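Engineer: Right, I'll just put the structure down here and ask away after.
The values are calculated or read from the model by the stated rules, or taken from the named source; none is laboratory data. Remember, it's a predicted structure, so these values are computed and weren't measured experimentally. Don't worry about glycine lacking a Cβ; one is built from the backbone with ideal geometry, like all the others, and counts go over all protein chains shown. Just the protein is used for accessible areas: all its heavy atoms, side chains included, with ligands, DNA and RNA removed. Shrake-Rupley method; radii C 1.70, N 1.55, O 1.52, S 1.80 Å.
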Amino acid sequence: MFYSQIILAKKGPLGKVWLAAHWGDKKLGRHQIFSTDICSSVESIVNPAVPLALRMSGHLLLGVVRIYSRKVRYLMNDCEEAMVKIRMAFRTTGIGEG
């Protein structure tokens, strides 16, 4: 195997990425998703300190894509919620007008 166990430990630099790749979306919470830095994770995968097997790199990149997808989904939900609140705040009732 071409990887270090330290890199993929739960507290390691790519631990959350590994969990996202293998456990899917359901096991990582919102805080864990947002605490993951995508740029540094991709940099660690592309230029690893120790050699990584191509298959391992593929798994880790899948985890990065899943984390990025969740971040985008959370952002979309927050934007939709903000739009609903803005529409509710500026909505006219029509009573007493005209």
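Engineer: Counting just the residues of the stretch 32-48 that are out of contact with any helix residue (DSSP H, G or I) (no Cβ under 6 Å at 6 or more places or on another chain) and in contact (Cβ under 8 Å) with a residue 40 or more places away in the chain, which one comes out least open to solvent (accessible area, probe 1.4 Å)?
Structural biologist: Out of the qualifying residues, it is PRO48.
Engineer: Cβ-Cβ below 8 Å, separation at least six or inter-chain, first residue in the stretch 49-70 and over 17 Å from THR36 (Cβ atoms), second open to solvent by 70 Å² or more (accessible area, probe 1.4 Å): which pairs?
Structural biologist: Every condition considered, the pairs that remain are VAL50/PHE2; PRO51/PHE2; LEU52/PHE2; ALA53/MET1; ALA53/PHE2; MET56/MET1; MET56/PHE2.
Engineer: Which of the residues spanning the stretch 49-77 are loosely packed, with under 12 Cβ neighbours inside 10 Å and part of a helix (DSSP H, G or I)?
Structural biologist: Selection gives LEU54, ARG55, VAL72, LEU75, MET76, ASN77.
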